[in-house]
1. Among the candidates Val208, Val204, which residue alone is open to solvent by less than 80 Å² (accessible area, probe 1.4 Å) and touching a Lys or Arg at 6+ places or on another chain (Cβ under 8 Å)?
2. Within the set of pairs 6 or more residues apart or between chains, which connect a residue that is β-branched (Val, Ile, Thr) inside segment 205-233 to a residue that is part of a loop (DSSP other than H, G, I, E, B) with Cβ atoms less than 6 Å apart?
3. Answer yes or no: is there a residue in segment 306-324 that is at pLDDT 70 or above, part of a strand (DSSP E or B) and β-branched (Val, Ile, Thr).
4. Take segment 217-237 and flag every residue that is of a type outside the set (Ser, Thr, Tyr) and touching a strand residue (DSSP E or B) at 6+ places or on another chain (Cβ under 7 Å).
5. Among the residues of segment 246-296 satisfying the criterion of being part of a loop (DSSP other than H, G, I, E, B) and charged (D, E, K, R), which is surrounded by the most Cβ atoms within 10 Å (Cβ to Cβ)?
6. Scanning for something at pLDDT below 85, over 21 Å from Arg18 (Cβ atoms), outside any helix (DSSP H, G or I) and open to solvent by 40 Å² or more (accessible area, probe 1.4 Å), does segment 85-102 turn up at least one residue?
7. Determine the pairs where a residue that is without any contact (Cβ under 8 Å) to a residue 12 or more places away in the chain and closer than 13 Å to Ala45 by Cα, located within segment 56-72, has a partner that is open to solvent by 40 Å² or more (accessible area, probe 1.4 Å) and among the basic types (Lys, Arg) with Cβ atoms under 8 Å apart, the partner being 6 or more residues away or on another chain.
8. Which one is modelled with the lowest pLDDT, of the residues in segment 4-34 that are of a type in the set (S, T, N, Q) and farther than 23 Å from Val99 by Cα?
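The values are calculated or read from the model by the stated rules, or taken from the named source; none is laboratory data. Keep in mind the model is a prediction, meaning the values are calculated, not measured. Neighbour counts are summed over all protein chains in view; Cβ atoms, including those assigned to glycine, are modelled from backbone coordinates with ideal geometry. Each accessible area value is taken on the protein alone, full model and side chains, heavy atoms only, with ligands, DNA and RNA left out. Shrake-Rupley method; radii C 1.70, N 1.55, O 1.52, S 1.80 Å.
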Amino acid sequence: MHKRILDHLNAAILLFDRNLALTYINSAGEILLADSSRHLVGLGAQELFKSSDPALLMNLQQCLTMAEPLVDRELILDRMSHSVTINFSATPLLKNERVNEILVEFQQVDNHLRISKEERLLTQQNTARLLVRGLAHEIKNPLGGLRGAAQLLDLELNDPELKEYTRIIIAESDRLQGLMDKMLGPNKLPNKKAINIHEVLERVRQLVQAESSLSIKSDYDPSIPNILADKDQLIQAILNIAKNAVQALNGEGNITIKTRIHRQVTIGRKRYKLAVKCDIIDNGPGIDADMMNQIFYPMITGRADGTGLGLSIAQALINQHNGLIECSSEPGNTVFSIFLPIIALPETGND
């Protein structure tokens, strides 16, 4: 029972003996250290934290010597692939008035910052989307009347030159109607079925490749299981992002589409054991820092000929799949990351 509880905690829990050898680590700890308990248990603290902040080992030794709890913040923990920032807490466990074990808790600060950023991003996007939808509805109502009046006037006119004006009004009304429909975003709920994410990505790659001469590479993790999603909506969302990458490169550069499995991912306020991460990476000039916090807002664009709706629609479609799109950018490396939860699919078949 105790092990099951510890394995379901979000915090990394480690237990060290008097010799500062690791005797237990929970699931969150395995994820944080990017290794299994089978390899980690038995290692000494000096070996575990040899490349990390020296304060980690010093705090453990002080906790052992002084027999008092210790707390430290924003320490750097080195992992196999990269480093993370953590808050540290150590509690001595006494036996016969002597420190027998040390219970250590790590809280990954980077993760909390990311969750806060995601929640703020989702709130801002939802607010902006509601405002735009309200504006679009207000415009659509008189627009329909304007088009209808132009059609009636066209029927009454005999002069071809005057009819040309009414046809321009009708054509422009239709164009604005289409723009308003795009601003309103997805107008139907996703029809979710079990799909292979790589089929979606390959379709997007083929569509983009057919329209450009750019090099589009793929780096897929074949172990990713099927996800529950609307195939057409995912194609539309990812295609919008890929087209943005093509336009940013302006005919020169590379695009890479990459997939990986991520564990213990928090999206919004919900935590998922598994999620698929799809990256669309380009080596273009990057996104201006002033625009980074606005790129998912409707009508925000850095191109003179852009509508600013592509990314907003993509985010709305991914949100309908309980997912999220993030972006990081610097010159030569712009990454749009799509997170989609992997949920256990119901078994089908005959008994």
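1. Sole residue among the options that is open to solvent by less than 80 Å² (accessible area, probe 1.4 Å) and touching a Lys or Arg at 6+ places or on another chain (Cβ under 8 Å): Val208.
2. Ile227/Ile342
3. Going residue by residue through segment 306-324, those that are at pLDDT 70 or above are 310-324.
So of that shortlist, the ones also part of a strand (DSSP E or B) come out as 324.
This time we only want the ones that are β-branched (Val, Ile, Thr), so: none.
The answer is no, given that none of the residues of segment 306-324 is at pLDDT 70 or above, part of a strand (DSSP E or B) and β-branched (Val, Ile, Thr).
4. Restricting attention to segment 217-237, the residues satisfying the condition of being of a type outside the set (Ser, Thr, Tyr) are 217, 219, 221-222, 224-237.
If the condition is that a residue be of a type outside the set (Ser, Thr, Tyr) and touching a strand residue (DSSP E or B) at 6+ places or on another chain (Cβ under 7 Å), then Lys217, Asp219, Asp221, Ile224, Asn226, Ile227, Leu228, Ala229, Lys231 are the ones that fit.
5. Taking segment 246-296 as the starting set, the residues that turn out to be part of a loop (DSSP other than H, G, I, E, B) are 250-253, 268-269, 283-288, 292-296.
Now narrow it down to the ones that are charged (D, E, K, R): 252, 269, 288.
Details: Glu252: 9, Arg269: 9, Asp288: 11.
Restricting to residues being part of a loop (DSSP other than H, G, I, E, B) and charged (D, E, K, R), the top hit is Asp288.
6. no
7. Close Cβ pairs (under 8 Å, with a partner that is open to solvent by 40 Å² or more (accessible area, probe 1.4 Å) and among the basic types (Lys, Arg)) do not exist here.
8. Quick first cut of segment 4-34, residues of a type in the set (S, T, N, Q) only: 10, 19, 23, 26-27.
Adding the requirement that they be farther than 23 Å from Val99 by Cα leaves 10, 27.
Values: Asn10: 82, Ser27: 90.
Among those residues, the one meeting the criterion is Asn10.
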